[in-house]
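Heads up: the structure comes next, in structure tokens.
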Amino acid sequence: MKGAGGRPARKFLIVTADDFGLHEAVNEAVEQAARAGALTTASLMVAAPAAADAVLRARALPQLRVGLHLTLADGGAQLPRCDIPHLVDAHGRFDDRLVREGWRYFALPRVRRQLEAEIRAQFAAFVRTGLALDHVNAHKHLHLHPTVLGLLIEVGRDFGAPPVRVPAEPLWFAKRTSTTALLAAAGLRAWVALMRRRLDSAGIVHNDHVFGIAASGSMDEARLLEILARLPQGATEIYLHPALTSGQAISPSMRAYRHADELAALLSNRVKQAILASGAACGGFRDLASASASRAA
């Protein structure tokens with residue numbers, strides 16, 4: 001973690017559930033894992049179908065830190081189509097052609113203006129929940145895009161400059177998953193370095209390492225135990241996609257996801273014992289920021 005007084009003196013672990021609000025089966029899994037498992041944070045999709053149910057559950061879970069899972073692909077928008085006609089289709093859903101959309105974000109001022117409006121609307125929707133904003137990240141890691149990151153930083157200042165996830169996954173873990181995953185992780189290193197520099201320059205707290213990209217949808221007990229046995233120094237985020245059921249029942253884009261196995265991993269006693277054995281302090285991004293500020297004082 002940088003941007004809040006330097007790197008933590010010891011290991012700090014954040015365990016996050018993404019896609020909170022996507023489906024009631026996701027929300028129930030988050031609640032179970034927050035009450036009895038290893039989960040410390042969740043990332044809320046404010047415009048998702050089960051967002052209201054997620055907020056009600058989160059209000060009853062004071063130990064759970066909740067952040068904004070900014071959604072600009074593979075989902076619906078917060079604003080109506082008439083406000084952002086260059087971002088969404090007739091059903092109010094974002095275009096999932098990420099490369100095409102990335103060029104449009106960069107090249108077209110009207111698209112950037114609408115993108116800023118939508119990002120601001122999602123931040124504002126989170127504020128209306130009454131939950132404390134622990135962090136912000138983006139679905140599909142779209143905040144790696146320089147334009148999206150710049151808008152996130154700019155708009156985020158008006159909402160307390162929340163900590164941001166840096167998708168910096170250690171290459172050893174990507175290599176364990178597949179050669180394709182290793183090449184993808186290596187290819188992202190320049191973008192990740194740019195993101196770190198921009199967040200540090202803006203004084204925004206972020207993690208050092210993340211696990212969950214290469215094995216997205218298959219972060220089972222075995223993978224969590226391997227990560228925890230090799231947990232690096234500094235601030236590490238492990239993120240998962242838990243749910244009571246798996247695959248297409250949650251989302252058509254997640255046909256191969258093993259949501260139920262990821263929930264089982266979060267509830268595993270072996271995983272909880274491994275966290276204790278790692279010696280890591282646990283919490284959310286704001287807890288990380290507070291701990292670092294205290295050490296720097």
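Summary of computed values
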{"read-out": "Bridge type composition, the range 12-296 - antiparallel percent by DSSP, nearest 5", "value": "10"}
{"read-out": "Rounded, prolate or oblate (a/c below 1.5 giving rounded, otherwise prolate when a/b exceeds b/c) for the range 206-291 by Cα gyration tensor", "value": "prolate"}
{"read-out": "The chain: calculated mean residue ellipticity at 222 nm from DSSP helix runs of at least 4, using -39500 (n - 2.57)", "value": "-14000 deg cm²/dmol"}
{"read-out": "Gain in span if fully extended, GLN233 to ALA184, counting 0.36 nm per residue against the direct Cα distance", "value": "15.3 nm"}
{"read-out": "Long-range amide H partners of GLY67 with built H, under 5 Å", "value": "ALA42, SER43, LEU44, ASP134, HIS135"}
{"read-out": "Mean Cβ neighbour count within 10 Å, used as a protection proxy, ranking 231-244, 130-143 highest first", "value": "231-244, 130-143"}
{"read-out": "Linear extension gain, ARG270 paired with GLN63, 0.36 nm per residue minus alpha-carbon span", "value": "72.4 nm"}
{"read-out": "Axial C-alpha extent at least 15 Å, average Kyte-Doolittle at least 0.5 - helices from the chain (DSSP)", "value": "146-157, 179-202"}
{"read-out": "Options (i) 6, 25, 30, 20, 12, 5, 2, 0; (ii) 6, 29, 39, 22, 3, 0; (iii) 6, 23, 31, 23, 11, 4, 1, 0 - which one matches P(r) over Cα pairs in 10 Å bins from 0, in percent as calculated here", "value": "(ii)"}
{"read-out": "Inter-part distance where the range 78-107 and the range 237-272 are each reduced to a Cα centre, Å", "value": "28"}
{"read-out": "J(HN,Hα) series, the range 78-87, from Karplus relation 6.51 cos²θ - 1.76 cosθ + 1.60, nearest Hz, glycine and proline x", "value": "7, 7, x, 4, 4, 8, 9, x, 8, 10"}
{"read-out": "Sparse-neighbour loop sites [GluC sites (Glu not before Pro); the range 8-100; at most 16 other C-beta within 10 Å; DSSP]", "value": "none"}
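Values in this text are rule-based calculations from the coordinates and carry no lab data. On a predicted model such as this, the values are computed, not experimentally measured, just so you know. Positions of Cβ are generated from backbone atoms using ideal geometry, with glycine treated the same way; all protein chains shown enter the neighbour counts.
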